[in-house]
Structures are given as structure tokens and as C-alpha cells.
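A short worksheet on the structure shown next.
The values are calculated or read from the model by the stated rules, or taken from the named source; none is laboratory data. Note that the coordinates shown come from a computational prediction; the quantities given were computed from them, not determined experimentally. Please note: Cβ atoms are built from the backbone with ideal geometry, for glycine as well, and neighbour counts cover all protein chains shown.
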Amino acid sequence: MGLFEQGARDGARRRPVTGPVQNSPVRGIVFLCLGVFIFSLQDAVIKQVSGGYPLSQVLSMRSVVAIPILLALVQVEVGWRALISPDIWPLLGRGTLMFVAYVAYYMAFPALPLADAVALYFTVPLFVTALAGPLLGERAGWQVWSAVGVGFLGVLVMLQPGTGLFEPAALLSLISAATYGGSMLMARRLGSVQSASVMASYQNAVFLVGALAIAGLFMLLGITRAEHPSLQFLVRPWVMPTLWDTFLITACGVVAAAGTMLLTSAYRVARASLVTPFEYSGVLWAPLWGFLFFSEVPRMTTVAGALLIVGAGLVALRVAKQP
């Protein structure tokens, strides 16, 4: 945190690279909802391949595919010179938080139903709303807190957490939510001096280096098996993927580049406490992908929870439009 704070102070004294942080609540909400939708497709793909491939291989392949896409976006948005940034430590710090968040999130997939993993992950808005005040000075009003509360209630009604959530892997989703929330608040602070494409590029680089480091570490240690499915997803050795699985995994690179840009842009152009309730929109997609890809039939509680979540989103949107 010390390095991040130093980078933020230094950035405040320089002329912003991308102009001042915008205050466009509607644009931020649209960006966030689109990003969440795109990433929900990736969740289904990664859950599908989690039984046969290691997480480090999936993340490495995804990151390699994303490199040229992100470089093109950097060139269009600010030019490649912007990658040589004096904010390297804050950028790497944010990327590391995102890496921890996504590794923990994906590790939960083999051990938990997709809907349960997503439900726990969507405590993100609670973490972000709670931290936005002390870290960013953004004081959320009672309307926003009410929207977040109703949205979380909708998650509980929709997914009915039960004994299955006492699976140890459930803690992975909570760790993911906390670290992801912290990284999004850093995006808001860095947004005054860094473009979304530059932040996404640093994040992707950390993902690639981190994934290769994990693979190398377990190879050197000779660890190739684990009893728990989450750990097995982490330590399993690399294998040659089939043509179809190669397509699915590499497609995640395109998804990651687009989704990362959208989510990072959302927190750059709008207040964190206003856009985070719309993180809940991802809960709408989990039952759909569960039905289409894993033969999970939505319950009546799914419909009731979805209505609560949508209602909470509409309340937050109304508050966001107020001056």
C-alpha cells in the first residue's frame, strides 16, 4: 500500500496522461454491465476446462492471446510510449491484486457449483462500498447502501446458500472478492494519470508472469497431484489441449482483453460506490450458463432473487443520475 500511495501522490503532481477522471455514472454502469457479461462467458469456459487442464496453463494461454489486442488498444488510446510509466509500482501492485483475485476465483470452480462461487464473489460491492470512503473519500449515501443491501439479499434469495457453502473452497471466492474490490479502487485512483488500456496491459503482464511462475514452481517441487479439486486445478501439470479446448481457452484471451478494458473504464469514469451495485448483474448470467452448459435448472428463488437484484440496480441508477 505504501508504494501505491507514493505513486498516487507523484501522479497528482504530474499533468494527467488521460485527462481528469470523468464523472459519467451512466457510462460507467453500461461499461461495468457489459464487462461483467463478457467475463461471465469466460467463467463458464474455465469451469468447463478445469477438470482437464491446470489453471496456470489456462491463464498463460489467455494472457498470450490478449497481448497483441491490448497493445493495439494502447496505441489507439494513448500510444505505446505510455507503457513506460513512472507509475510502474502502483500498476504492478494493482495487477498483482487482480492476479490473486482471479486465481482464487477460478480455483473455487472445480469444488463449487458455478452459481455458489458467483454468489460468494458478489460480495465485491460490499467490500468496495465499505472501502471507497476511507481510501477514496467517496461517501456513499443511504440510498446506495440500501441498493447494495437489497442486491445482496437478492443474491441470497436467488442462490439460497446452504451447507455446500461451508466447503473450504468458498473462502477462495471471498478472498477473490476482497482483492478484486481493492484493485478496482486502485483503478479509480490511477485513472487520473493512466489510461484503461495501460492498466489492463500491466495487469495482463502480471497474469502471464504469475501463471508461468506458478507452473515452474510446482514443476521444480515435483508436485503434480492434490486431493482437493481446487488444489488439483492449481498443481496439475500442463498437457497438450485438444483443438476445441485450444479454441475455448484462447478465446478467453479476447474476452479478457475486452472485459478488462470495460471494467477498468467503468471505475475510471464513475464513482466506485455508484457503479459497484451493478456487479450484481453477473448473478443473472450464472444460472443461464448453468442451464445451457451444465444442465442446471433455475429455481423459482432464482427468479425472485433476480427481481431484487434488478430493482436494486434501478435504485442505484436513479441515485447516480442525481447531482
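Worth pointing out:
- When residues of segment 70-124 are limited to those that are assigned to a loop (DSSP other than H, G, I, E, B) and under 16 Å from the mean Cα position of the chain (by Cα), the one farthest from Val283 (Cα to Cα): Phe109
- Filter result for the condition that a residue is modelled with pLDDT under 90 and assigned to a loop (DSSP other than H, G, I, E, B), over Val275, Val297, Val310, Val283: Val297
- Any hit, segment 189-208, residues being basic (Lys, Arg), under 20 Å from the mean Cα position of the chain (by Cα) and farther than 18 Å from Glu77 by Cα: yes
To keep it simple, each residue is scored yes or no on (1) in contact (Cβ under 8 Å) with a residue 24 or more places away in the chain; (2) surrounded by fewer than 18 Cβ atoms within 10 Å (Cβ to Cβ); (3) under 25 Å from Arg27 (Cβ atoms); (4) of a type outside the set (Val, Ile, Thr).
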site: Ala211; (1), (2), (3), (4): yes, no, no, yes
site: Ile214; (1), (2), (3), (4): yes, no, no, no
site: Ser230; (1), (2), (3), (4): yes, no, no, yes
site: Asp245; (1), (2), (3), (4): yes, no, no, yes
site: Ile249; (1), (2), (3), (4): yes, no, no, no
site: Ala257; (1), (2), (3), (4): yes, no, yes, yes
site: Met261; (1), (2), (3), (4): yes, no, yes, yes
site: Tyr267; (1), (2), (3), (4): yes, no, yes, yes
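- Residues being outside any helix (DSSP H, G or I) and at negative phi - total across segment 168-225: 10
- Filter result for Arg318 (part of a helix (DSSP H, G or I), among the basic types (Lys, Arg), modelled with pLDDT under 80 and over 28 Å from Val198 (Cα atoms)): yes
- Close pairs (9 angstrom Cβ cut-off, 6 or more residues apart or separate chains): within 17 Å of Thr250 (Cβ to Cβ) in segment 62-87, of a type in the set (Phe, Trp, Tyr) anywhere: Arg62/Phe207; Ser63/Phe207; Ala66/Phe207; Leu71/Trp80
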